[in-house]
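The values are calculated or read from the model by the stated rules, or taken from the named source; none is laboratory data. In this text, all values refer to a predicted model and were calculated from it rather than measured experimentally. Note: ideal-geometry Cβ built from the backbone for every residue, glycine included; neighbour counts use all protein chains shown.
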Amino acid sequence: MLRVLDFLETLLWGYIDFAAILAVGLYFTCTSKFFQFRTILKPRETFKAIIGKSEKVHGVHPLRLYFSSMGGSIGIGNVGSCITAVSIGGPGGLFWIWIAVFIGMLVKYAEIFLGIKYRTRNENGGYDGGAPHYLVHAFHKKWISTVFCILLCIYGVEIYQFKVVEDTFVDVFGINRHIAMCLLLVGTLYVALGGVRRLSIVCSILMPFFLLMYIGVSLYVIICSDVDFFSLLKTIVISAFQGHAPLGGFAGSTFMMAVHNGMSRAVYSGDIGIGYDAVIQAETKVTDPYLQARTSVFSLFSNCTICTLTILLVLSTGQWCLPHKTPFDCVVAALSSHLPHVQFLMALFFFLAGWTTVIGYLAVGMKSVKSISNRMGQKIYLTYATIAFVAFSFLDQSIALTIMTVSGGLLLLINLFGIFKLRREVQFLENSS
């Protein structure tokens with residue numbers, strides 16, 4: 001069974017999903033005449049328009065949802081996936097991460113636009129929307145949306161990042177595993193029970209602090225490394241198109257290795273096309289889909305900033321080409337070159353990055369399960385999530401990680417197909433007037 005799952009994981013993320021998101025992203029980029037580039041150049045205009053049109057009584061403030069989006073996408077996976085992209089594909093992997101993020105911005109824009117357009121009011125004074133709703137209109141078959149919801153529920157129990165956060169507090173601070181697990185579990189379930197509204201409050205408090213801290217620390221180490229930035233940039237571009245020769249513990253890469261690893265890791269770290277963001281953003285007070293959808297461009301830009309700084313961190317310190325047990329050890333070694341007591345800093349980083357992802361995904365799973373069973377769905381799902389979190393706190397999570405990766409790949413494939421079928425309904429507008 002595990003071999004079958006491993007095969008599906010390689011097939012989906014290595015070939016099918018990679019080609020699908022590239023095709024859909026390029027389609028929207030060309031038909032919109034590079035809308036994401038024009039949006040990035042007008043950040044003030046975008047957020048001013050959103051704030052000015054968010055006086056609606058129902059729903060969540062759009063800026064809080066912006067931080068909720070980043071809380072789900074900017075996680076521990078950013079570190080692992082980005083470092084892996086460079087370790088296998090060479091420094092040129094960073095260039096292809098930039099390309100994938102640029103293309104993926106409009107995929108995310110499209111799913112959020114459709115998620116808001118087809119949302120419905122719920123009994124709690126909020127909205128239910130996202131892929132589970134617009135897929136019904138795309139395929140005209142309820143069962144496809146139900147399958148998507150089941151996969152999103154499985155994907156929503158983020159046991160891997162829960163385990164990493166727990167292990168970090170146990171190893172660094174010496175906290176008893178049972179106590180650490182219980183505290184994390186209670187905090188996770190508390191936020192999930194409050195829905196997207198409570199999630200948005202927590203993320204709007206934690207994420208700005210995390211972003212400022214990580215950006216500041218990374219820039220400090222990069223500057224202290226006294227690296228020639230222009231030479232480094234030249235190496236990145238050359239490696240992107242020519243691959244990279246063997247260096248130290250690095251085995252060397254080819255052009256295709258740089259492209260594949262860079263782009264596939266960007267899709268994973270940014271949660272492009274998975275469906276998480278569309279469910280979250282559908283709760284917005286803003287009634288114009290294109291206004292809220294434009295924040296996805298800035299959300300992915302923020303995600304790309306974290307990925308870029310992480311890679312520049314290990315490139316500038318030379319740690320990328322040295323053998324390390326895990327990608328996280330590579331980052332720790334890079335930070336240790338200029339910062340004392342880095343283990344405490346990384347513990348805080350893992351908590352902020354990992355826990356916000358865990359609570360974000362579980363909140364989305366809670367909303368998705370309502371589409372399957374409105375009466376008993378959430379109770380059953382919370383029971384399943386509790387058992388999974390507890391069980392994998394003491395077990396090897398490799399099988400569960402594979403299951404989650406395969407479910408994510410299937411989510412992406414179904415979602416992209418639905419978005420492409422509804423492509424003519426996606427509008428790219430310059431402003432709200």
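Considering (1) surrounded by fewer than 21 Cβ atoms within 10 Å (Cβ to Cβ); (2) assigned to a helix (DSSP H, G or I); (3) in contact (Cβ under 8 Å) with a residue 24 or more places away in the chain, say which one Val369 fails and leave the rest. For Val369, the failing item is (1). Any chance segment 344-367 includes a residue that's more than 15 Å from Ser269 (Cβ to Cβ), in contact with a strand residue (DSSP E or B) (Cβ under 6 Å, 6 or more places away or on another chain) and modelled with pLDDT under 80? No, because not a single residue in segment 344-367 is more than 15 Å from Ser269 (Cβ to Cβ), in contact with a strand residue (DSSP E or B) (Cβ under 6 Å, 6 or more places away or on another chain) and modelled with pLDDT under 80.
Could you list all residues from segment 113-130 that are under 14 Å from Val426 (Cβ atoms) and small (Gly, Ala, Ser)? If the condition is that a residue be under 14 Å from Val426 (Cβ atoms) and small (Gly, Ala, Ser), then Gly115 is the only one that fits.
State all residues of segment 303-329 that are more than 24 Å from Gly270 (Cα to Cα) and either among the aliphatic types (A, V, I, L, M) or out of contact with any helix residue (DSSP H, G or I) (no Cβ under 7 Å at 6 or more places or on another chain) (or both); if no residue qualifies, say none. Result: Gly318, Cys321, Leu322, Pro323, Lys325. Residue count for segment 138-173 satisfying the condition of being crowded, with 22+ Cβ neighbours inside 10 Å and basic (Lys, Arg): 1. Taking the criterion of being closer than 20 Å to Asp277 by Cα and modelled with pLDDT under 80, no residue of segment 368-402 qualifies. Among the helices (runs of 4 or more DSSP H) confined to segment 240-325, the ones with at least 3 residues that are at pLDDT 85 or above and small (Gly, Ala, Ser) are located at 289-316. Restricted to segment 77-191, the set of helices (runs of 4 or more DSSP H) holding at least 3 residues that are over 22 Å from the mean Cα position of the chain (by Cα) and either over 25 Å from Gly354 (Cβ atoms) or among the acidic types (Asp, Glu) (or both) comprises 131-139, 142-156.
So that you can scan it fast, the table gives a plain yes or no per residue for (1) outside any helix (DSSP H, G or I); (2) at pLDDT 75 or above; (3) of a type outside the set (Val, Ile, Thr):
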{"site": "Asp17", "(1), (2), (3)": "no, yes, yes"}
{"site": "Ala20", "(1), (2), (3)": "no, yes, yes"}
{"site": "Tyr27", "(1), (2), (3)": "no, yes, yes"}
{"site": "Thr39", "(1), (2), (3)": "no, yes, no"}
{"site": "Glu45", "(1), (2), (3)": "no, no, yes"}
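Set side by side, the residues Phe349, Phe298, Phe328 differ, and just one is over 15 Å from the mean Cα position of the chain (by Cα) and under 15 Å from Met207 (Cα atoms), which is Phe349. When Gly104, Gly130 are checked against the criterion of being out of contact with any Phe, Trp or Tyr (no Cβ under 8 Å at 6 or more places or on another chain) and on the phi > 0 side of the Ramachandran plot, Gly130 stands alone in meeting it. In segment 22-31, the qualifying residues are those that are over 15 Å from Leu300 (Cβ atoms) and not β-branched (Val, Ile, Thr), and the one that is nearest to the chain's Cα centre (by Cα) is Leu22.
Across segment 199-224, the qualifying residues are those that are surrounded by fewer than 16 Cβ atoms within 10 Å (Cβ to Cβ), of a type outside the set (Val, Ile, Thr) and in contact (Cβ under 8 Å) with a residue 12 or more places away in the chain, and the one among them that is nearest to Ala363 (Cα to Cα) is Pro208. The number of residues in segment 372-389 that are touching a residue at least 60 places away in the same chain (Cβ under 8 Å) and either surrounded by fewer than 22 Cβ atoms within 10 Å (Cβ to Cβ) or of a type in the set (Lys, Arg) (or both) comes to 5.
The residue of segment 225-235 that is farthest from Val331 (Cα to Cα), among those that are without any contact (Cβ under 8 Å) to a residue 24 or more places away in the chain and not in a helix (DSSP H, G or I), is Asp228.
Does Thr405 satisfy the condition of being modelled with pLDDT under 75, assigned to a helix (DSSP H, G or I) and not small (Gly, Ala, Ser)? Outline the logic, then answer.
Values: modelled with pLDDT under 75: yes; assigned to a helix (DSSP H, G or I): yes; not small (Gly, Ala, Ser): yes.
The answer is yes for Thr405.
Scanning segment 326-361 for residues that are among the aliphatic types (A, V, I, L, M) and not in a helix (DSSP H, G or I) gives a single hit, Leu339.
Once segment 325-366 is narrowed to residues that are buried (at least 21 other Cβ atoms within 10 Å of the Cβ) and of a type in the set (Ser, Thr, Tyr), the residue that is farthest from Ser225 (Cα to Cα) is Tyr361.
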